[in-house]
Amino acid sequence: MEQTLIAGKARVRFAPSPTGQVHVGNARTALFNWLFARQQGGVFILRIEDTDLERSEARYETQLIEDIQWLGLDWDEGPDVGGPYPPYRQSDKWQVYSDYAERLVAEGKAYRCFCKQEDLDRQREQAMAQHLQPNYPGTCRNLDAKEAERRRAAGEPSAIRLKIPEKPIRFHDIVRGWVEFSNEVVSDLIIVRSTGVPVYNYVVVVDDAEMRVTHVIRGDDHLSNTPKQVALYEALGWEVPEFAHLSTILGPDKERLSKRHGATSLANFREMGVLPEALMNYMALLGWAPTGGEREIFSPTELVQEFDLARVTPSPAVFDFEKLYWLNRHYIKEGAPERIAGLAEPFFARALGVELTADAKAWCAHVTAALGHSVNKLDELPERAGPVLKFDPAAALAAGENEEVLKAETTGKVLEAFAAKIAAEAEPVSAERFKAMIKEVQKEAGIKGPALFHPIRIMLTGAQSGPEFDKLVPLMEEGSRVLPGTIAGVKQRVKAFMEAWKG
């Protein structure tokens, strides 16, 4: 295969395995590849690496495509959009991998290995017990080619191993500079298992070369794989691409980010009501420093303009959930009200346990507009709107934190006076009228401050503090109209509370 890797447009790829959800680390890799491609005016490729036949599932491929698109990334070539170097799914390339492997064997750059796994395991354990590098000892490396072919033809299982050259393996890493591995720490690697299934380090080289990938940007957990892949490039006579290994992402405890830290996948954050632009913005700052170093808020367009692989640091990045939520709160506040309301609807529907009508959706939009600026994630909205969504007089009366207020001498007087005024209202109570009634009670009863406001707030919301009445009252009244039986209006709340109070 004739090819030139570095000439022309930059070509990068994101190559996930469809074996689970897209983890934050993989998502950041996708983002950095996308930013680099867009900044360079290059090509971003999506490739599905599904050689792990037992764990790969179509549903995971569907989800990873949806999640990456949700994040705001698009690709120029891939299994769904095609491109000049198909196929973009590894399971469609078995014959290609087989042909290149046979070519390496024929050229003497690879050989058939008939060693049994139990023997290899025993040799590995012995080497580790002696504190030696657990490399393959080369048992079949110099096996006569004719003898190897005879044994293969007789049906004896064999893998194919690449001969690692007896020289140091060097490659350039944009993040780390020149990196060198001694050949003594790189074993003759299996490129095709005895089952006929090609291994990751082999197929990724074939794919990257055939797809003309110029820059391989990936996590530093692949750093130890790189010398093996460089050896494969050289054995096949292909130009080695530039590499950029991104730093590890750690949790707040400085351990590798994992499920024990909480949300770690795009699906998790999506389900929590984190906006894609907030997550993109935050992930871009994990291991990359913009010029100036202090700015933290970037639109996708600004990230593309600013991004530079030279400013990626090799130091581990710590995932700060609070900083992500701070950014998300910013984007919720700044987002188009219609869009934020639409994104919030599923959270209200689940909390209310009803299917939202058009009127109910409009009401949810009003709730979101009134209270959305005070939440970190959209899934917090139902709890923040709890005083509107839920009403339980018995729970309010039994709550320990309300006991002192409810036992105060003046509380009964305030409740009775306010309940009488509410009962006399023929129309739904407006925020202005509600405020006027409180002033009337204050004047008539001679009670003001917390002694006045706390009992009324407990009567309506079950708690002494919360959002302002001028926001809550209209939402209660409108909610009772569009969701009767689900949301209680002001009159309903006051009547039910007084009955429980007196009972």
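All of the numbers you see were taken from the coordinates with simple rules; none came from a lab. Values in this document were obtained by computation on a predicted structure and should not be read as measured data. Note that we place each Cβ from the backbone using ideal geometry, even for glycine, and neighbour counts take in every protein chain shown.
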Amide proton proximity set for Val318, modelled H, under 5 Å, gap of 5+: Leu250
Nothing charged except the Cβ atoms of Lys and Arg (+1) and of Asp and Glu (-1): what's the magnitude of the dipole of the stretch 13-128 about its Cα centre? Round to the nearest 20 debye. 380
Do any GluC sites (Glu not before Pro) in the stretch 376-446 lie in a loop, going by DSSP, with at most 12 other beta-carbon atoms within 10 Å of their beta carbon, and if so which? Glu409
Cysteines having no other Cys beta carbon under 4.7 Å from their own, within the chain: Cys115, Cys364
Could you grab the relative contact order for the stretch 198-316? Cα pairs under 8 Å, six or more apart, rounded to a whole percent. 23
Run through all the Cα pairs of the stretch 390-502 and give the fraction in each 10 Å bin from 0, expressed as whole percent. 14, 51, 31, 3
CD proxy, 222 nm, the chain: helix-only mean residue ellipticity via -39,500 (n - 2.57) per DSSP H run with n ≥ 4, per residue, nearest 500, stands at -14500 deg cm²/dmol
Determine the shape class of the stretch 312-400: with a ≥ b ≥ c the square roots of the Cα gyration tensor eigenvalues, call it rounded for a/c under 1.5, and otherwise prolate if a/b is greater than b/c, oblate otherwise. oblate
Taking 0.36 nm per intervening residue step and subtracting the Cα-Cα distance, what contour gain separates Asp359 from Lys146 on full extension? 68.7 nm
Report, to the nearest 10°, how far helix 358-371 tilts away from the longest principal axis of the Cα atoms in the chain, using its own Cα long axis and a range of 0 to 90°. 90
What list of ³J(HN,Hα) couplings, whole Hz, do you get for the stretch 283-295 from phi and the Karplus terms 6.51, -1.76, 1.60, once you set θ to phi - 60° and write x for glycine and proline? 4, 4, 8, 7, x, 10, 10, x, 4, x, x, 9, 5
If eta is 1.002 mPa s and T is 20 °C, what Stokes-Einstein diffusion coefficient results for the stretch 258-355, Kirkwood Rh from Cα pairs, in µm²/s? 142
Compute the distance in nm between two label points, each set 7 Å from the Cα along the Cα-to-Cβ direction, one at Val96 and one at Ala129. 4.5
Computed lengthening from Ala420 to Ala349, 0.36 nm per intervening residue step minus Cα-Cα distance: 22.1 nm
Helix 24-40 axis, angle to the chain major axis (alpha carbon atoms, nearest 10°): 80
Size descriptor, Kirkwood hydrodynamic radius, that averages inverse alpha-carbon separations across the chain, Å: 27.5
Would you mind putting 23-35, 283-295, 43-55 in packing order, based on average other-beta-carbon counts within 10 Å, highest first? 23-35, 43-55, 283-295
Once R0 is set to 56 Å, what does the formula 1/(1 + (r/R0)^6) return for the Cβ-Cβ distance between Glu403 and Glu57, expressed as a FRET efficiency to the nearest 0.05? 0.55
Antiparallel versus total DSSP beta bridges in the chain: what percent is that, nearest 5? 55
Would you mind checking which residues have amide H under 5 Å from Val192's amide H? H placed 1.01 Å from N; only 5 or more apart, or other chain. Ile160, Val199
Rg over Rh, two decimals, the stretch 337-384 (C-alpha only, Kirkwood Rh): 0.91
Scattering from the C-alpha atoms of the stretch 103-210 alone, worked out with Debye: what is log10 I(q)/I(0) at q = 0.12, 0.14, 0.20 1/Å? -0.50, -0.67, -1.21
Residue-span extension gain [Glu440 to Val81] - 0.36 nm each, minus C-alpha spacing: 122.4 nm
Student exercise, the chain dipole from Lys, Arg, Asp, Glu Cβ charges, in Debye to nearest 20: 540
For the stretch 74-117, compute Rg over Rh where Rg is the Cα radius of gyration and Rh is the Kirkwood radius from the inverse mean 1/r over Cα pairs. 1.20
Against the longest principal axis of the chain, how steep is helix 490-502, in degrees 0 to 90 to the nearest 10, with axes from Cα atoms? 70
Taking a 29 Å limit on the Cα-Cα distance, which of the listed pairs Lys361/Lys413; Lys116/Lys228; Lys333/Lys361; Lys448/Lys495; Lys448/Lys502; Lys435/Lys502 fall beyond it? Lys361/Lys413
Per the 1/(1 + (r/R0)^6) rule, R0 = 41 Å and r from the Cβ atoms of Glu166 and Glu66, FRET efficiency to 0.05 is 0.30
